[in-house]
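Engineer: Take a look at the following structure, please.
Here, each number is a calculation from the coordinates, and none is a lab measurement. Just so it is clear, the structure is predicted and the values come from calculations on it, not from any experiment. Note: ideal-geometry Cβ built from the backbone for every residue, glycine included; neighbour counts use all protein chains shown.
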Amino acid sequence: MRVAVTGTPGTGKTTATRRLEADSEGALDVVHLNDVVREAGFSTGTDEARDSLVADLDAVEGWLDERDAGDVELLESHLAHLLPADRVVVLRCHPDELGDRLTERGESEASVAENRESEALDVVLAEAVERHGLDSVYEVDATERSPEAVAAAIEAVVAGEREPSAGTVSFVDSLADHP
């Protein structure tokens, strides 16, 4: 089974999946896609405005299809929902908190503003639902959850202990606070 763990940058994907990876003692095959893109050279160039690589998703998908994955494969990245998956976990975070997290990471003001707006407008969630359907998408509000609680929510999705839940979180009102 392949589970995509996705969300706007800063929602806690890497932190939560690294905890799951450590706690699972190898039972979960966690693939940090941003590392794969960078290390394997699966990019089509650089987005100068965002100072980031442009992922070659066809190359990533081919690489994933060729590898010998475990029983449960977790794909972690803000792009993971754009790849084939059985279930998609979309981590969400209030745009104010998200902005604080990204600022602490040293992101530019432009990047912080773009990602805050993307989160408020449900961009990743909408893409995930469009590609995978409502019955395969699980939304998790990570705003006030500890990394352990976020990891537990992802684990519950993997175990089939949660119902699909797209559309349960809304941050659109935060747009009025930031013109």
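Engineer: With springs connecting C-alpha atoms under 10 Å apart, model the chain as a Gaussian network and identify which of Ser77, Ser52, Ser136 has the largest mean-square fluctuation.
Structural biologist: Looking only at Ser77, Ser52, Ser136, the biggest GNM fluctuation is shown by Ser52.
Engineer: Right, another one. Counting Lys and Arg as +1 and Asp and Glu as -1, each charge on the Cβ, what is the dipole of the chain about the Cα centre in debye, to the nearest 20? Kindly include the intermediate steps, with their values, before the conclusion.
Structural biologist: Numbers: 15 positive and 41 negative charges, 23 e Å.
Value, rounded to 20: 120 debye.
Engineer: Restricting to the chain, what percent of DSSP beta bridges are antiparallel, rounded to 5?
Structural biologist: Bridges in the chain that DSSP calls antiparallel: roughly 15 percent.
Engineer: So what J values fall out for the stretch 104-116 if you push phi through Karplus, 6.51 cos²θ - 1.76 cosθ + 1.60 with θ = phi - 60°, rounded to Hz, Gly and Pro as x?
Structural biologist: Once θ is set to phi - 60°, the couplings for the stretch 104-116 become 4, 7, x, 5, 5, 4, 5, 5, 4, 4, 5, 6, 4 Hz.
Engineer: Let me ask something else. Mind running the shape call on the chain? Use the C-alpha gyration tensor, a ≥ b ≥ c as the square roots of the eigenvalues: rounded below 1.5 for a/c, prolate if a/b tops b/c, oblate otherwise.
Structural biologist: oblate
Engineer: Give me, ordered by chain and number, the residues 5 or more places off Leu74 or on other chains with an amide H under 5 Å from its own placed amide H.
Structural biologist: Residues meeting the amide H criterion: Val3, Asp29, Val30, Val31.
Engineer: Which listed residue (Ala85, Leu121, Gly41) has the Cα farthest towards the positive end of the charge dipole for the stretch 2-177, taking +1 on Lys and Arg C-beta and -1 on Asp and Glu C-beta about the Cα centre?
Structural biologist: It is Ala85, whose Cα lies furthest towards the positive end.
Engineer: What are the ³J(HN,Hα) couplings of the stretch 43-57, residue after residue, when phi is run through the Karplus curve with 6.51, -1.76, 1.60 and θ = phi - 60°? Round to Hz, x for glycine and proline.
Structural biologist: 9, 9, x, 10, 7, 4, 5, 9, 6, 9, 6, 9, 5, 8, 5
Engineer: Taking 0.36 nm per residue of separation and subtracting the Cα-Cα distance, what length does fully extending Leu53 through Arg38 add?
Structural biologist: 4.6 nm
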